[in-house]
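Only one structure is covered here, and it is reproduced in the block below.
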Amino acid sequence: MGLNLVVIFMNPKHIPDEFLVEYGPILHLGEGFNIKLKEETLFYRPGTYHIHEEQIRPTDSHWKDFWREVEDLGLWDWDREYQLCCWDGTGWKVKISYNEREIESMGQNHYPDTFLEFMESLEDLISRELKLDI
């Protein structure tokens, strides 16, 4: 009887391959925020009119806590799209790739059940309070 062994190589620094979170009112483009990974640094831009991006380097401990929390929230099981009827209101997008897992989910005026908890985990990761209009 043979034994099959599966080995998954984990990222030792817990930094994702891709990380993008966008959130903001559809008709008021100056509000909201954008968080994007470039190399091993997160760039936080409050509002879409702001040219300045703040560089954030979460600690390894912050990343580990974040991955544990989003796993518990079921992030990887979110639907691809969440929509309500209107083309105004608030739009959002989450695109993350980490350890061979991927999520690309977006919506307008509608959210997964664990969206607010995800945003709280994101606030902990970047040590910033995010303004949400939900």
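The criterion of being part of a loop (DSSP other than H, G, I, E, B) and either farther than 22 Å from Trp76 by Cα or modelled with pLDDT of 90 or more (or both) does not hold for Ile35. Cβ-Cβ contacts under 8 Å between residues 6 or more apart (or on different chains), taken from a first residue in the range 78-92 that is within 14 Å of Ile26 (Cβ to Cβ) and in contact (Cβ under 8 Å) with a residue 40 or more places away in the chain to a second residue that is charged (D, E, K, R) and not in a strand (DSSP E or B), are listed as Thr90/Asp133. Among the hydroxyl-bearing types (Ser, Thr, Tyr), at pLDDT 90 or above and closer than 16 Å to Ile26 by Cα: does that describe Tyr98? So Tyr98 does not fit the description; no.
Listed here are the residues, each with its yes/no results for (1) modelled with pLDDT of 95 or more; (2) touching a strand residue (DSSP E or B) at 6+ places or on another chain (Cβ under 8 Å); (3) farther than 25 Å from Lys13 by Cα; (4) of a type in the set (Val, Ile, Thr).
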site: Glu53; (1), (2), (3), (4): no, yes, no, no
site: Asp60; (1), (2), (3), (4): no, no, no, no
site: Arg68; (1), (2), (3), (4): yes, no, no, no
site: Glu81; (1), (2), (3), (4): yes, yes, yes, no
site: Lys93; (1), (2), (3), (4): yes, yes, no, no
site: Met106; (1), (2), (3), (4): yes, yes, yes, no
site: Arg128; (1), (2), (3), (4): no, yes, no, no
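A Cβ distance below 7 Å, combined with a sequence gap of six or more or placement on separate chains, defines the contacts here; from the range 30-45, residues that are farther than 13 Å from Arg128 by Cα reach residues that are outside any strand (DSSP E or B) and small (Gly, Ala, Ser) in the pairs Gly30/Gly47; Glu31/Gly47; Gly32/Gly47.
The values are calculated or read from the model by the stated rules, or taken from the named source; none is laboratory data. Just so you know, these numbers come straight off a predicted model, no measurement behind them. FYI the Cβ positions are ideal-geometry reconstructions off the backbone, even for glycines, and counts take in every protein chain you see.
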